[in-house]
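Undergrad: Sharing a structure below in structure tokens format, with a few things to ask.
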Amino acid sequence: MNFTFLGTGGAFDTDYGNSAALVSFKESTILLDCGFTVYPTLRQHQLTRTLDYIMITHLHNDHTGSLANVLLHCHYYNKGCRPTILYPDDDFRSELYEFLRLQLQKPEKFAEFLPISEMPGITAVDTFGQHAENYQTYAYIFEDSTNRIVYSGDLGQPEALFSHIRSLPPRPTCIYHDITFNEQNTAHTYYKKLIPLVGDYKLYGYHCDPTKNPQDNPFPLVYHQSSLMLAPYQPQYSNPV
């Protein structure tokens, strides 16, 4: 089980790419979120043909902005590449289908749809209203025989997610959590709010501008971990596939 981040920025931190990751899980590759910088990044590194599954935390543009492009590219340029979209529940499948229908007309032509419950080892945590009022988001938990990795999605209210994590059987746990250094930004978790919650878990911050990282932030940023990053985001690409 391995995470490779394609970007770690927020919606307006375009120099760092939209937050998204490739997850190597049980001999498959999962694209986790697909914001507007993700398609050019996949093209740049010739990774479009490697995708087996796609998971989306929520439908904001910095998490879905190039999803249709990725599916179209796989269909027309990569023979045999037809990603399966894993969805957490039927309501979100309907929302995601309608989102894609407006761009693709017939989404089922370009992707399969499969409930996450059919993928042992992956759990969706419903975080409705904890990023934006009355807005649906999900966190995801990946587990193998020895380790657990938590991906927060976007959360301004992290308490329920940590309560859920603490309710799980003990296991080495790494948490990738969206983070903000602006206390007025209630859509994401202010870093000081995480300090009493994190306990013994290893936590890395993402979805932020790393140049604004304060000296008293105790959490390492994904952006600074070369082992977690595909490469620094570059807005230009030259490879045709």
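Undergrad: Name the residue farthest towards the positive end of the dipole of segment 2-228 from the options Phe92, Tyr201, Val222, assuming +1 on Cβ of Lys and Arg, -1 on Cβ of Asp and Glu, about the Cα centre.
TA: Going by the charge dipole, the pick is Val222.
Undergrad: Cβ neighbours within 10 Å, averaged per peptide: list 98-110, 174-186, 115-127, 50-62 in order, most packed at the top.
TA: By packing density, highest mean first, the sequence is 50-62, 174-186, 115-127, 98-110.
Undergrad: Moving to a separate point now. To the nearest 500 deg cm²/dmol, what mean residue ellipticity at 222 nm is calculated for the chain from DSSP H runs of n ≥ 4 alone, each contributing -39,500 (n - 2.57), summed and divided by the residues?
TA: Helix-only estimate at 222 nm: -6000 deg cm²/dmol.
Undergrad: A further question follows. I'd like the distance separating the alpha-carbon centroids of segment 78-112 and segment 175-211, in whole Å.
TA: 31 Å
Undergrad: Of all DSSP beta bridges located in the chain, what percent are antiparallel, nearest 5?
TA: 45 percent
Undergrad: Then there's this: Straight distance only, please: which lysines reach the Cα of Lys106 with their own Cα at less than 21 Å, same-chain residues fewer than 8 apart left out?
TA: Lys79
Undergrad: Which one, Leu59, His131, Ala20, projects farthest toward the positive side of the charge dipole computed for segment 2-228 from Cβ point charges (K/R +1, D/E -1)?
TA: Ala20
Undergrad: If N is the number of residues in segment 2-228, what value comes out of its Cα radius of gyration divided by 2.2 N^0.38 Å?
TA: Cα-based Rg divided by the globular estimate yields 0.97.
Undergrad: Throw me the Rg/Rh for segment 87-199, computed over C-alpha atoms with Kirkwood Rh, two decimals.
TA: Here the Rg-to-Rh quotient is 1.02.
Undergrad: Another question, then. If the reach is capped at under 29 angstrom between alpha carbons, list the lysines near Lys212, excluding any in the same chain fewer than eight residues apart.
TA: List returned: Lys192, Lys193, Lys202.
Undergrad: With a 10 Å cut-off between alpha carbons and a GNM built on the chain, which of Leu22, Leu203, Leu230 moves the most?
TA: Leu230
Undergrad: Normalised by the residues of segment 1-47, what does the relative contact order come to in percent, with Cα pairs under 8 Å and at least six apart?
TA: 31 percent
Read-outs throughout are calculated quantities, based only on the coordinates presented, and are distinct from any laboratory measurement. Because the structure is predicted, anything quoted here is derived from the model rather than measured. In this analysis, Cβ positions are derived from the backbone assuming ideal geometry, glycine residues included, and neighbour counts consider all displayed protein chains.
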